[in-house]
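**Q** The structure follows.
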Amino acid sequence: MSMPAGTGLHERQPGGSEPGGDGPDADNFSALLVQAVDFSSQGLVACDSSGRVVFQNARARELVEADDGDLLARRAVDAALARALRGSPHEETLELFSPARRALEVKAFPLGTKEQPVGAVVTVDDVSELRRLEAVRRDFVANLSHELKTPLGALSLLAETLEGEDDPEVVARLTARMGAEARRFSRILDDLLDLSRIESGGTGTLAPVALAAVVDEATEGFFETAEARGVELSVSSPGEDVWVLANRRDLVSAVANLVDNAIKYSEPGGPVQLCAGRAGDRAYITVRDKGIGIPKRDQERIFERFYRVDRARSRWTGGTGLGLAIVRHVAAYHGGDVSVESAEGEGSTFRLTLPLLAPGMAECEDG
């Protein structure tokens, strides 16, 4: 059931008129209808009662006749049309792995009546992104439950241990642990609220912000943290002429998360370097460490909420698993991007880029 060569318009009946009408008006309406369907984001393939394909729109050609890996898709569409011609609606989801992994949802329906079939139609939808989002949602719910249960379980256990305890030293140690777990629980909730707000487009209006001021505010306090961990933190601020249009609070939060991660995952004695500046029409902030690095298989997922490369180490360092997700969403709603280059045992480099604000605009707002 291969599609005849052409533009994707269905074949005209003898006499020059379209099926379902006579004369020029019918021709015009049918042509408009075909053109409208051609713009659909859903693939559509139709055949007549003999099984001959008489129409497929542009999206269908794109989905089922692209590369060698789509031969299975073409066969699935043909098989679905054949079943529908026999009066049986059909539905299936294809998992394709070449040239890229995709999921196609194929649905077929008979046209006409069972006694007088006139053809069949198949719809084809690319549900790859939907499947991915569903997987992310499932992972998020599972991870959120796990992350919240951990400090709550620890608080419950500590409270039970504390009950009836008379030794002042033990009481002091247990209450200190309870305070730490409560603060961890609070950090998770705060990060969740921040992430939810940022995903919704942040709060307040975007305004011209000097990148140097963002870097100074974001790194304030981290020098002591780095020193306590035996890490050498160095910061190279951009010039005063580097401005971006941003929500200052959210941008500071994103940069602080990158610095915090770099320090946490560095070995004692290792360097952490922050460099910021301009490159063409973009402003950039690069945070580089010589820490444990990130395996290649995990690098595409580290910006997901609660995704952890090393859960045990993340818990020991006090991370919530939401920092990089916050960075990604801050970059996105500022019209920027965040990327990572990393190798196990060699360290990681995160680069946050944002559109550069024209100097004249910054001076106007500043003055």
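**Q** Can you tell me which residue in region 247-276 is surrounded by the fewest Cβ atoms within 10 Å (Cβ to Cβ), limited to those that are among the small types (Gly, Ala, Ser), under 19 Å from Glu341 (Cα atoms) and more than 23 Å from the chain's Cα centre (by Cα)?
**A** Gly270
**Q** Looking for whichever is modelled with pLDDT of 80 or more, assigned to a strand (DSSP E or B) and either in the same structural domain as Val45 (by TED's automatic domain parsing) or buried (at least 17 other Cβ atoms within 10 Å of the Cβ) (or both) here; the options are Leu72, Leu94, Leu158, Leu174. Which one fits?
**A** Every option except Leu94 fails the conditions.
**Q** Would you mind stating whether Arg229 is surrounded by fewer than 21 Cβ atoms within 10 Å (Cβ to Cβ), under 20 Å from Ser339 (Cα atoms) and of a type outside the set (Val, Ile, Thr)?
**A** no
**Q** Which one is farthest from Leu96 (Cα to Cα) among residues in region 30-82 that are acidic (Asp, Glu) and over 33 Å from the mean Cα position of the chain (by Cα)?
**A** For region 30-82, the residue satisfying everything is Asp48.
**Q** Follow-up. Quick one: is Phe185 closer than 18 Å to Ile285 by Cβ and in the same structural domain as Leu158 (by TED's automatic domain parsing)?
**A** Working: closer than 18 Å to Ile285 by Cβ: no; in the same structural domain as Leu158 (by TED's automatic domain parsing): yes.
Considered against the rule, which asks whether it is closer than 18 Å to Ile285 by Cβ and in the same structural domain as Leu158 (by TED's automatic domain parsing), Phe185 comes out as no.
**Q** Now for a separate question. Could you say whether any residue in region 10-27 is under 42 Å from the mean Cα position of the chain (by Cα), loosely packed, with under 15 Cβ neighbours inside 10 Å, at pLDDT below 80 and not charged (D, E, K, R)?
**A** Checked against the condition, which is being under 42 Å from the mean Cα position of the chain (by Cα), loosely packed, with under 15 Cβ neighbours inside 10 Å, at pLDDT below 80 and not charged (D, E, K, R), region 10-27 yields no hits at all.
**Q** Anything in region 36-48 that is surrounded by 13 or more Cβ atoms within 10 Å (Cβ to Cβ) and out of contact with any helix residue (DSSP H, G or I) (no Cβ under 7 Å at 6 or more places or on another chain)? List them, or say none. Walk me through it before giving the result.
**A** Initially, region 36-48 is screened for residues surrounded by 13 or more Cβ atoms within 10 Å (Cβ to Cβ), giving 37-38, 40, 42-48.
Val37, Ala46, Asp48, listed by residue number.
**Q** Among (1) within 30 Å of Val141 (Cα to Cα); (2) at pLDDT 85 or above, where does Glu220 come up short?
**A** (1)
**Q** Let me ask something else about it. Pairs please, first residue from region 38-66 and at pLDDT 85 or above, second anywhere and in a strand (DSSP E or B) and among the hydroxyl-bearing types (Ser, Thr, Tyr), Cβ atoms under 9 Å, 6+ apart in sequence or on different chains.
**A** Pairs found: Gln42/Thr123; Gly43/Thr123; Leu44/Thr123; Val45/Thr123; Ala60/Thr123.
**Q** Considering region 112-126 alone, what residues qualify as being touching a residue at least 12 places away in the same chain (Cβ under 8 Å) and surrounded by fewer than 16 Cβ atoms within 10 Å (Cβ to Cβ)?
**A** Initial filter on region 112-126 (touching a residue at least 12 places away in the same chain (Cβ under 8 Å)): 112, 114, 117-126.
Hits for region 112-126 are Gly112, Lys114, Val118.
**Q** Out of Ala226, Ala276, which single residue is assigned by TED's automatic domain parsing to the domain that holds Val330, part of a helix (DSSP H, G or I) and modelled with pLDDT of 90 or more?
**A** Among Ala226, Ala276, only Ala226 is assigned by TED's automatic domain parsing to the domain that holds Val330, part of a helix (DSSP H, G or I) and modelled with pLDDT of 90 or more.
**Q** To continue, here is another question. Answer with yes or no whether Thr219 is touching a residue at least 24 places away in the same chain (Cβ under 8 Å), under 24 Å from His334 (Cβ atoms) and polar (S, T, N, Q).
**A** For Thr219, the condition - touching a residue at least 24 places away in the same chain (Cβ under 8 Å), under 24 Å from His334 (Cβ atoms) and polar (S, T, N, Q) - is met.
**Q** Turning to a different aspect of this structure: Can we say Gly164 is outside any helix (DSSP H, G or I) and exposed (fewer than 14 other Cβ atoms within 10 Å of the Cβ)?
**A** Details: outside any helix (DSSP H, G or I): yes; exposed (fewer than 14 other Cβ atoms within 10 Å of the Cβ): yes.
It is true that Gly164 is outside any helix (DSSP H, G or I) and exposed (fewer than 14 other Cβ atoms within 10 Å of the Cβ).
The values are calculated or read from the model by the stated rules, or taken from the named source; none is laboratory data. Everything numeric here is computed off the predicted structure, so don't read it as measured data. Note that we place each Cβ from the backbone using ideal geometry, even for glycine, and neighbour counts take in every protein chain shown.
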